[in-house]
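Just below is one structure, and these are the notes that go with it.
The values are calculated or read from the model by the stated rules, or taken from the named source; none is laboratory data. Just so we're clear, the structure is a prediction, and the values are computed from it rather than from any experiment. Neighbour counts are summed over all protein chains in view; Cβ atoms, including those assigned to glycine, are modelled from backbone coordinates with ideal geometry. Ligands, DNA and RNA are stripped out before the accessible areas are found, and what is left, the full protein with its side chains, is counted by its heavy atoms. Shrake-Rupley method; radii C 1.70, N 1.55, O 1.52, S 1.80 Å.
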Amino acid sequence: MADRSLEGMALPLEVRARLAELELELSEGDITQKGYEKKRSKLIGAYLPQPPRVDQALPPERRAPVTPSSASRYHRRRSSGSRDERYRSDVHTEAVQAALAKHKERKMAVPMPSKRRSLVVQTSMDAYTPPDTSSGSEDEGSVQGDSQGTPTSSQGSINMEHWISQAIHGSTTSTTSSSSTQSGGSGAAHRLADVMAQTHLENHSAPPDVTTYTSEHSIQVERPQGSTTSRTAPKYGNAELMETGDGVPVSSRVSAKIQQLVNTLKRPKRPPLREFFVDDFEELLEVQQPDPNQPKPEGAQMLAMRGEQLGVVTNWPPSLEAALQRWGTISPKAPCLTTMDTNGKPLYILTYGKLWTRSMKVAYNILHKLGTKQEPMVRPGDRVALVFPNNDPAASMVAFYGCLLAEVVPVPIEVPLTRKDAGSQQIGFLLGSCGVTVALTSDACHKGLPKSPTGEIPQFKGWPKLLWFVTESKHLSKPPRDWFPHIKDANNDTAYIEYKTCKDGSVLGVTVTRIALLTHCQALTQACGYTEAETIVNVLDFKKDVGLWHGILTSVMNMMHVISIPYSLMKVNPLSWIQKVCQYKAKVACVKSRDMHWALVAHRDQRDINLSSLRMLIVADGANPWSISSCDAFLNVFQSKGLRQEVICPCASSPEALTVAIRRPTDDSNQPPGRGVLSMHGLTYGVIRVDSEEKLSVLTVQDVGLVMPGAIMCSVKPDGVPQLCRTDEVGELCMCAVATGTSYYGLSGMTKNTFEVFPVTSSGAPVSEYPFVRTGLLGFVGPGGLVFVVGKMDGLMVVSGRRHNADDIVATALAVEPMKFVYRGRIAVFSVTVLHDERIVIVAEQRPDSTEEDSFQWMSRVLQAIDSIHQVGVYCLALVPANTLPKTPLGGIHLSETKQLFLEGSLHPCNVLMCPHTCVTNLPKPRQKQPEIGPASVMVGNLVSGKRIAQASGRDLGQIEDNDQARKFLFLSEVLQWRAQTTPDHVLYTLLNCRGTIANSLTCVQLHKRAEKIAVMLMERGHLQDGDHVALVYPPGIDLIAAFYGCLYAGCVPITVRPPHPQNIATTLPTVKMIVEVSRSACLMTTQLICKLLRSREAAAAVDVRAWPPILDTDDLPKKRPAQIYKPSNPDTLAYLDFSVSTTGMLAGVKMSHAATSAFCRSIKLQCELYPSREVAICLDPYCGLGFVLWCLCSVYSGHQSILIPPAELETNPALWLLAVSQYKVRDTFCSYSVMELCTKGLGSQTESLKARGLDLSRVRTCVVVAEERPRIALTQSFSKLFKDLGLHPRAVSTSFGCRVNLAICLQGTSGPDPTTVYVDMRALRHDRVRLVERGSPHSLPLMESGKILPGVRIIIANPETKGPLGDSHLGEIWVHSAHNASGYFTIYGDESLQSDHFNSRLSFGDTQTIWARTGYLGFLRRTELTDANGERHDALYVVGALDEAMELRGMRYHPIDIETSVIRAHKSVTECAVFTWTNLLVVVVELDGSEQEALDLVPLVTNVVLEEHYLVVGVVVVVDIGVIPINSRGEKQRMHLRDGFLADQLDPIYVAYNM
């Protein structure tokens, strides 16, 4: 391209001024891109030189105008006067830029993820170690030396618009990079790279290039006066479209970000799809319907293409060994192979004579010197590994021919560098399956292998045991004079095995027979016109593929001289191969696009370069769609150096079919090569459409020449029956020839599918009697028999029915501001299956100096570009730190290993952007709420379906005959006085300390006397009236119980309050203060210690200590008794207030009357059969709910002894509770989930030592977990399993259920049937239906019964919205009617409406008389096969979750715990998880137990698992430290508190990801 920018042009000043105005208008948005282009070309058309005309026969390449986006705000770099625009694959970069420009108009804001500073610091430059550039990479590495390009005139077909756009804006779009040796920059160097993803043909690539870095300030370029520098640079790319850097500062309130995300998601993305398929239940996954407008192939059925006859020349040898023998004896001095050192000096010349004698020596030693004469280790036909480094082709060649002469089968493989090389394990499996026992290697390589301390080579992971045999001549013994290798004509024996890595990372061995080997050499000789003694330069890997076929095999057949350029030399001097072509006047060179690209990057105006000797430049990866840009750019630059257009010969090859097609060298320079400009959209449907000029999304492909001599080619449909494609259809190319591989070694099934394919016509007739081989290449045969390849089967990703090629996606990603943020050639693209479809994942290595914001900008632009060009959404884009992706032995990216790391969450990215909202289009349809059904229909419906109304009750209190003495007293205070008189010395309470010894105990009379003294104190010192409220702030223990009964004796209303935590006053004291204020306590009773704490300086910092009510210290009690003990006038008066924080985070106090309290105690006494002779162990917090009742009230009512174990003591001694249960031979014990979890985690490994200490749990008949939530079945089961060895009966463990309106509704008693477990369909549950399924069936959820319904309790399941009764196949709200219901909420404002609804509800139809209390929990009843104590069939209650916490998403009801369970299973580092919704977004908070580097691994895994198991898209993933999710005293998550903390930005998260 003529390299002139406007500065170089003689433009009149007024034209320049007008241009500047135009620029400004465009950047301000006052003029469209099109108008701008038009006006600009008008202005300067007259001053432009006319571009050269091109041959009209060719479809001109598509060019889209480049957007005038100036360099990023962060990298304001100017390029020097000589811009190397000609290196880019302009088509693609411009398409991308234009696509991004389109997006610019649609403003879209995506919130940037927020990251904890420590995480950002770790990935900064200081912590950065330069990536290793020493490991050889097959596809790209660092290029050293300077990278300045020179202008040459353009050769390509370029339209004028494009030329202008390049001329003016080139300087702003180019990325300047300069190496350490110069200060000018060549944008081109890298920009060429930017779009040539041809390096990805094998998914290899290079270590990141660190040499082309310089500080940004070193680039100082003077610009001529009068240029358009004054214009304001338009914002870069989509900087305004992503209002991240400017619109929302990173530290902003979270809610602002979420709002932004919500706004982004409101935009409809894809057209809605109509039809669904039934996935077993009402929840139907959407099925992608074929687009009615999708292109369909219309051509006639293709015909199989025949290559020319393979003409047998008379002097062709009968086998390759025969050729070697001939040249080794006729012309022993002729050079065969010249190897180079890293300075480019010839290191060694192997002549044909030496090759022949040394190969014979190797053959003799393999056959006769390994093992014994009777038992040789290697026999003809055995497989032998060849392990030679890339810089030693000579030794490898000698070993290869040695094997051929010995008739053993060489398996050339890469050198294993470490025991953990990516993919090396798979190579080991290949060697094992081939039965390899011997590895041939060179001296240097043998020395370099990792050794054990004893000097032995360790066995690599997955490898068989090998004998390492060094093939250097000095280590071998001479064959005797009479020994001679047996040289036969080529036959069907296996000649060698070439390894091939599959998409999933497994390695297969392709066997090539001796006849195929020879025929392949003959076909190549004919196709390439090889003649004797020609010189050929080979840059490719000589162990496999094109490098092996041309540089080791065909060369020997024709006595050619190969100049081998090792990868290490290419890295130091990328021009080395061109210099060797000149130096040796080579006729042929074998390279990859990468080598051409590097030559361009390093190319300085070297006067001595002359490529006129080349008659053939074989481009090994010419089949890659993106190699075309390298070929064009290379031709542009080197045409002036004698390179002819017709010399460039791309070829297509595959491990299975060997060479598939190759462009023949012609002498006719007038016949241009074939080009196809294909619609990318058409290709995704497998249809070839030559595209119209304007489209952005096109793929330009070049032909790879004609079918090989002696071969037949056809293309078949990629899946299903191998049916011939139509002429305008893309299919998998298949080849029928002698010269192909014959099998995958040892895998007959796969061999049949690949090597023995019989293509059929549409009528079903086979095309040929001979089998074809699938090449693994996707393409078509174009006009004139030219073969075109558009992709590989391995890189194919089928997303909702359309096919996308990984290489194409890579190229698009690279065309977006390429070299600034990520390393070229360090990008992996693969698909993962989530929710029945493939999803595209892009992983790239990020440069160490790019900021968070830059990376995020780049990522969002990549998403937009791929969306525009490929019309496909990217599911996840991850950036990892430089040099961290797993490498193949030659330094490329190991794709399957990268995918594995991604899926198991050990990729450790430093940036992640997930877009499930955009790409998951097959979610079930949101559920439409049905219009409400009338009561009559419900009744009839239930009758018809045989469903009963869901209601159940515990035993009737009236009918139970028991000798309950306490029943004759209405009040607990009277029961205590009665016990103090009748059984004064009976011990009611025993308190244990952390050592398990008795800290304190109380008999009936002691408790009575102590309560009297407290009553006196309240009346005399506190001056309280009856009915006043008193806050009891005590640690769990005896004092609390005495203070409670003291209040009853004085006629006061006690409120138990958890004391503040001395180590955490700031957060715990305000709660105490709040309860004291809300409960309107007139006085506060506590111990001396806590009294000091409440008045301390720390307390004063947390709350206003002057506002406390009077504080009474009960450690100093008066000595006198009260005149009289207060007796309430009415059993319905208030006995105590119960304050608790519910699971939904609300502080609610409920009123318990004397009647309810007595009824409660009686109900528990009957259920658990409690008598004075019993002992019960209680390890619960005594402040609210059932925990308080069991700790303080039940013993006084029933007379049993309570062994009290404060849960806090278990933190120092986890075995305390169980040891007490065992020591006191307790039959009934109560604990909380937190206690159970502590025992499960803390004692898991100690069961043996506990057994030795005599711990025995065999007497326990009930171990009840006190809770207000769905039973945690996993925890109770693991607890039962763990302590089964210590005698715990699994049936003993059960749960209870209570809530604010009724503190205990269910409690597993002693006599009822065992707790049952059912499995319900989780998808049905979302629709409020209960459907039982078998254990282990998909989507099944285990639910455990919440204990037996207490005596005197009635339950019904009602619809929370309509308040109608439900059938027992429905999920509804649990309503309860019982004598111990609380009588209402205690609130300051007396919110009557709230109260009347919760405590006094009536059904809307059916039994409308009974007054029910609403629990606020969803559940269902099931009649089981078991019988109750009274002989009836037993009704089990299953609690599913709190109504307030249930999340309404997509019209369905989700319970947080189900999603949390899935998330916790997703990754080993997730210790806890909580979910909640905010503005219809699902927010998932996970606690990370691991290094902060793992935080971002969790984002994709969390998103995947929630999609797969719940059909929900996660909106925000928040990763936090352990302990951030708040938990109440019962061990229940406080999700609403967490939500408030998140929205107020108080969580200090490690990372917050906003999914798009």
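See the values below:
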{"item": "Hits in the range 883-918 - residues which are open to solvent by 20 Å² or more (accessible area, probe 1.4 Å) and of a type in the set (A, V, I, L, M, F, W, C)", "result": "Leu895, Leu901, Leu903"}
{"item": "Selection within the range 765-776 - part of a strand (DSSP E or B), closer than 12 Å to Met735 by Cβ and either open to solvent by 10 Å² or more (accessible area, probe 1.4 Å) or of a type in the set (Val, Ile, Thr) (or both)", "result": "Val773, Arg774, Thr775, Gly776"}
{"item": "Some residue of the range 1046-1063 being free of Cβ contacts under 8 Å to residues at least 12 places away in the same chain and open to solvent by 10 Å² or more (accessible area, probe 1.4 Å)", "result": "yes"}
{"item": "Any pair with Cβ under 9 angstrom, 6 or more apart, that starts in the range 1019-1035 at a residue that is free of Cβ contacts under 8 Å to residues at least 40 places away in the same chain and ends at one that is among the hydrophobic types (A, V, I, L, M, F, W, C) and in a loop (DSSP other than H, G, I, E, B)", "result": "Gln1025/Cys1052"}
{"item": "Condition broken by Gly1298, with the remaining ones in (1) buried (at least 24 other Cβ atoms within 10 Å of the Cβ); (2) of a type outside the set (A, V, I, L, M); (3) under 38 Å from the mean Cα position of the chain (by Cα); (4) modelled with pLDDT of 90 or more satisfied", "result": "(3)"}
{"item": "Extreme residue, least open to solvent (accessible area, probe 1.4 Å), among residues of the range 1281-1295 that are part of a helix (DSSP H, G or I) and farther than 15 Å from Thr1316 by Cα", "result": "Leu1286"}
{"item": "Residue, modelled with the lowest pLDDT, within the range 1430-1457, restricted to residues that are open to solvent by 30 Å² or more (accessible area, probe 1.4 Å) and among the basic types (Lys, Arg)", "result": "Arg1433"}
{"item": "Every residue from the range 529-542 that is surrounded by fewer than 23 Cβ atoms within 10 Å (Cβ to Cβ) and not polar (S, T, N, Q)", "result": "Gly529, Tyr530, Glu532, Ala533, Glu534"}
{"item": "Residue match in the range 851-861 (condition: open to solvent by 10 Å² or more (accessible area, probe 1.4 Å) and of a type in the set (D, E, K, R))", "result": "yes"}
{"item": "Residue tally, condition open to solvent by 30 Å² or more (accessible area, probe 1.4 Å), modelled with pLDDT of 85 or more and hydrophobic (A, V, I, L, M, F, W, C), over the range 416-443", "result": "1"}
{"item": "Selection within the range 1331-1347 - modelled with pLDDT of 90 or more, open to solvent by 10 Å² or more (accessible area, probe 1.4 Å) and touching a Lys or Arg at 6+ places or on another chain (Cβ under 9 Å)", "result": "Arg1331, Leu1332, Pro1342, Met1344"}
{"item": "Gly353 vs. criteria open to solvent by less than 70 Å² (accessible area, probe 1.4 Å), of a type in the set (Gly, Ala, Ser), farther than 30 Å from Tyr685 by Cβ and part of a loop (DSSP other than H, G, I, E, B)", "result": "no"}
{"item": "Options Leu347, Leu337: the member that is crowded, with 22+ Cβ neighbours inside 10 Å, over 28 Å from Asn492 (Cα atoms) and not small (Gly, Ala, Ser)", "result": "Leu337"}
{"item": "Single residue of Asp1116, Asp1132, Asp1138 found to be of a type in the set (D, E, K, R) and within 20 Å of Arg1058 (Cβ to Cβ)", "result": "Asp1138"}
{"item": "Within the range 943-978, tally of residues that are under 15 Å from Ser1198 (Cα atoms), open to solvent by less than 20 Å² (accessible area, probe 1.4 Å) and at pLDDT 65 or above", "result": "6"}
{"item": "So Thr1427, is it within 22 Å of the chain's Cα centre (by Cα) and either open to solvent by 60 Å² or more (accessible area, probe 1.4 Å) or touching a residue at least 60 places away in the same chain (Cβ under 8 Å) (or both)", "result": "no"}
{"item": "Flag for Asp794 being under 30 Å from Ala737 (Cα atoms) and in a helix (DSSP H, G or I)", "result": "no"}
{"item": "Residues within the range 1002-1022 that are open to solvent by 50 Å² or more (accessible area, probe 1.4 Å) and closer than 30 Å to Leu1210 by Cα, tallied", "result": "2"}
{"item": "Test: residue in the range 1197-1205 that is buried (at least 22 other Cβ atoms within 10 Å of the Cβ), without any contact (Cβ under 8 Å) to a residue 60 or more places away in the chain, among the hydrophobic types (A, V, I, L, M, F, W, C) and not in a helix (DSSP H, G or I)", "result": "no"}
{"item": "Checking Tyr1417 against (1) modelled with pLDDT of 85 or more; (2) more than 47 Å from the chain's Cα centre (by Cα); (3) of a type in the set (Ser, Thr, Tyr), the condition it does not meet", "result": "(2)"}
{"item": "The range 1499-1544, residues that are within 24 Å of Leu1443 (Cβ to Cβ) and in a helix (DSSP H, G or I)", "result": "Val1506, Glu1509, His1510, Arg1535, Met1536, His1537, Leu1538, Arg1539, Asp1540, Gly1541, Phe1542, Leu1543"}
{"item": "Test result for Gly1531, within 29 Å of Val1235 (Cα to Cα) and surrounded by fewer than 18 Cβ atoms within 10 Å (Cβ to Cβ)", "result": "no"}
{"item": "Subset of the range 838-865 (residues that are in a strand (DSSP E or B) and in contact with a helix residue (DSSP H, G or I) (Cβ under 9 Å, 6 or more places away or on another chain))", "result": "Arg839, Ile840, Val841, Ile842, Val843, Ala844, Gln846"}
{"item": "Candidates Leu1166, Leu1089 - the one that is over 30 Å from Phe1399 (Cβ atoms) and either open to solvent by 30 Å² or more (accessible area, probe 1.4 Å) or over 53 Å from the mean Cα position of the chain (by Cα) (or both)", "result": "Leu1089"}
{"item": "Segments classed as strands (runs of 3 or more DSSP E), wholly inside the range 1108-1196, with at least 2 members that are within 21 Å of Ser1294 (Cβ to Cβ)", "result": "1175-1179"}
{"item": "Residue identified as part of a strand (DSSP E or B) and either at pLDDT below 95 or surrounded by fewer than 24 Cβ atoms within 10 Å (Cβ to Cβ) (or both) among Gly749, Gly720, Gly676, Gly710", "result": "Gly676"}
{"item": "Flag for Leu466 being touching a Pro at 6+ places or on another chain (Cβ under 6 Å), at pLDDT 90 or above and of a type in the set (A, V, I, L, M, F, W, C)", "result": "no"}
